[in-house]
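Worksheet: one structure, shown below.
The values are calculated or read from the model by the stated rules, or taken from the named source; none is laboratory data. What you see is a predicted model; the values in this text were computed from it and never measured. Note that each Cβ is placed from the backbone with ideal geometry, even for glycine, and that neighbours are counted across all protein chains shown. To get the accessible areas, we keep the full protein, side chains included, count just its heavy atoms, and leave off ligands, DNA and RNA. Shrake-Rupley method; radii C 1.70, N 1.55, O 1.52, S 1.80 Å.
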Amino acid sequence: MGKGRLEAFSDGVVAILITIMVLELHVPEGTEWSALREVAPTFFSYVLSFVFLGIYWNNHHHLLQVVKQVNGKVLWANLHLLFWLSLIPFVTGWMSQNGFPKVPVALYGVVLWMAGLAYYILTRALVALHGKDSLIDSALRNPAKEFIALGCYALAIVLSFFNTNFSLALYVFVALIWLIPDARVEQALQR
């Protein structure tokens with residue numbers, strides 16, 4: 001079956017998730033610069049989560065450039081990814097509205113870890129469908145960034161029970177390494 005509906009549905013879900021998150025941003029009380037301090041945690045969380053959703057959307061788009069078809073396993077793997085991404089607005093709000101306490105910061109990491117795992121499962125389902133030595137297989141042969149991200153999320157979850165600042169720094173670090181676009185797909189398309 002074609003990939004068009006999967007792409008359109010996934011794009012729509014990510015757009016809705018971003019919309020839900022932006023609705024959580026409230027105008028600060030007052031008109032002085034100091035009024036922005038009150039919304040700074042919410043704004044930081046929004047930016048971080050927006051970046052993560054943007055990274056997933058961007059990489060999902062690139063991934064589907066080398067996909068010729070999808071099947072039932074790929075559809076379920078994609079829904080699995082979208083499920084974990086759909087929890088990002090919830091954990092973002094819980095984390096920021098309570099001042100970044102241990103449990104919400106840890107749960108944020110769990111959701112990011114599960115989304116990372118779900119993305120990896122999606123890539124494996126696509127490789128299995130298209131076969132070894134396919135364009136997608138050659139594009140995804142070195143999953144180093146994926147494993148680094150999963151390791152950082154796991155470490156951040158543990159560290160959140162000691163110091164949430166370390167966890168937040170690790171989340172920012174993962175976002176930064178993924179802001180550099182994953183060139184593997186584009187390189188595979190050029191070969």
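Some notes on this structure:
- Principal-axis tilt of helix 72-86 within the chain, Cα atoms, nearest 10 degrees: 10
- Axis of helix 102-130 versus longest Cα principal axis of the chain: the two differ by about 10°, to the nearest ten degrees.
- Helical runs (DSSP H, four residues minimum) scored at -39500 (n - 2.57) apiece and divided by the length of the chain put the mean residue ellipticity at 222 nm at -26000 deg cm²/dmol.
- For peptides 13-19, 34-40, sequence by mean Cβ density within 10 Å, most packed first: 13-19, 34-40
- In region 85-191, the chymotrypsin sites (Phe, Trp or Tyr not before Pro) that fall in loop regions by DSSP, at most 12 other Cβ within 10 Å: PHE161, PHE162
- Local electrostatic count at VAL70 - Lys and Arg +1, Asp and Glu -1, tallied over other residues with Cβ under 10 Å: +3
- Cα Rg, Dmax, region 53-144, angstrom units: 15.2, 49
- Normalised per residue, the volume of the convex hull around the Cα set of the chain (Å³): 114
- Percentage, to the nearest whole number, of Cα pairs in region 110-191 over 16 Å apart: 57
- Rel. contact order, % - alpha carbon contacts under 8 angstrom, at least six apart, region 39-191: 30
- Of all accessible heavy-atom area on region 1-42, the percent that carbon and sulfur account for (1.4 Å): 65
- Rounded accessible area per residue of region 44-191, 1.4 Å, Å²: 47
- Highest mobility in the GNM of the chain, judged by mean-square fluctuation with C-alpha springs under 10 Å and restricted to GLU32, GLU146, GLU24, is found for GLU32.
- Packing-based order for 82-89, 64-71, using average beta carbon neighbours within 10 Å, highest first: 82-89, 64-71
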